[in-house]
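S.K.: Take a look at the following structure, please.
The values are calculated or read from the model by the stated rules, or taken from the named source; none is laboratory data. Just so it is clear, the model here is predicted, and its values are computed rather than measured. Note that we place each Cβ from the backbone using ideal geometry, even for glycine, and neighbour counts take in every protein chain shown.
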């Protein structure tokens, strides 16, 4: 199996700041969908998800689970489900307002993001950053999301895990990436 990178909360925060600082009025939904689209671009080009995050299918599309938890922490949620370090890492760095907008409290630390990740984030922002909620949602409801969402709805869970293989199957170069993932 191809080696995957581990999720880094610090890198995820910098990614949130990078995306949010480049959008006119970034919302949680917009930031998370840009992250998904950038991860798909990165997967197609480099054979792995740049975020290192785990995706789940939720009602309005794929969600990078840990990145979403960071945004919930930035919103002030204090659920027992959130890792305590997520509250600390987002404090004085990023906030989420009551209307779900993501507010940067500082510039992103670019040393935490690779050139490849930045390139894919920029491409995702250029392609999808102008879309409205409905357009982003519809576009993100790809076959990987549909399969996971169907399984989740049958279990009454409300969200379902999306495998990297299923995300790879949505790519134009799916055969190449799947071969890479299995070597």
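S.K.: Could we say that residue 74 is under 23 Å from residue 178 (Cβ atoms) and either modelled with pLDDT under 95 or crowded, with 19+ Cβ neighbours inside 10 Å (or both) here?
M.R.: In short, no.
S.K.: Still on this structure, please answer the following. Being under 18 Å from residue 163 (Cβ atoms), crowded, with 24+ Cβ neighbours inside 10 Å, at pLDDT 95 or above and within 14 Å of the chain's Cα centre (by Cα) narrows it down to one residue among 12, 64; which is it?
M.R.: Being under 18 Å from residue 163 (Cβ atoms), crowded, with 24+ Cβ neighbours inside 10 Å, at pLDDT 95 or above and within 14 Å of the chain's Cα centre (by Cα) holds for just one of 12, 64, which is 64.
S.K.: Sticking with this structure for a sec: Part of a helix (DSSP H, G or I) and touching a residue at least 24 places away in the same chain (Cβ under 8 Å): does that describe residue 41?
M.R.: yes
S.K.: How many residues are touching a helix residue (DSSP H, G or I) at 6+ places or on another chain (Cβ under 7 Å) and under 13 Å from residue 61 (Cα atoms) when one looks only at segment 151-174?
M.R.: Counting residues in segment 151-174 that are touching a helix residue (DSSP H, G or I) at 6+ places or on another chain (Cβ under 7 Å) and under 13 Å from residue 61 (Cα atoms) gives 6.
S.K.: Being in contact with a strand residue (DSSP E or B) (Cβ under 9 Å, 6 or more places away or on another chain) and either assigned to a helix (DSSP H, G or I) or free of Cβ contacts under 8 Å to residues at least 60 places away in the same chain (or both) is the filter here, so list the residues in segment 19-36 that pass it.
M.R.: 19, 20, 21, 28, 29, 30, 31, 32, 33, 35, 36
S.K.: Please give the strands (runs of 3 or more DSSP E) falling wholly within segment 80-183 in which 3 or more residues are in contact (Cβ under 8 Å) with a residue 40 or more places away in the chain.
M.R.: 102-104, 160-162
S.K.: Of all residues in segment 123-132, count the ones that are more than 13 Å from residue 45 (Cβ to Cβ) and surrounded by 13 or more Cβ atoms within 10 Å (Cβ to Cβ).
M.R.: Of the residues in segment 123-132, 5 are more than 13 Å from residue 45 (Cβ to Cβ) and surrounded by 13 or more Cβ atoms within 10 Å (Cβ to Cβ).
S.K.: Does at least one position in segment 46-58 carry a residue that is out of contact with any strand residue (DSSP E or B) (no Cβ under 8 Å at 6 or more places or on another chain), touching a residue at least 12 places away in the same chain (Cβ under 8 Å) and farther than 23 Å from residue 116 by Cβ?
M.R.: yes
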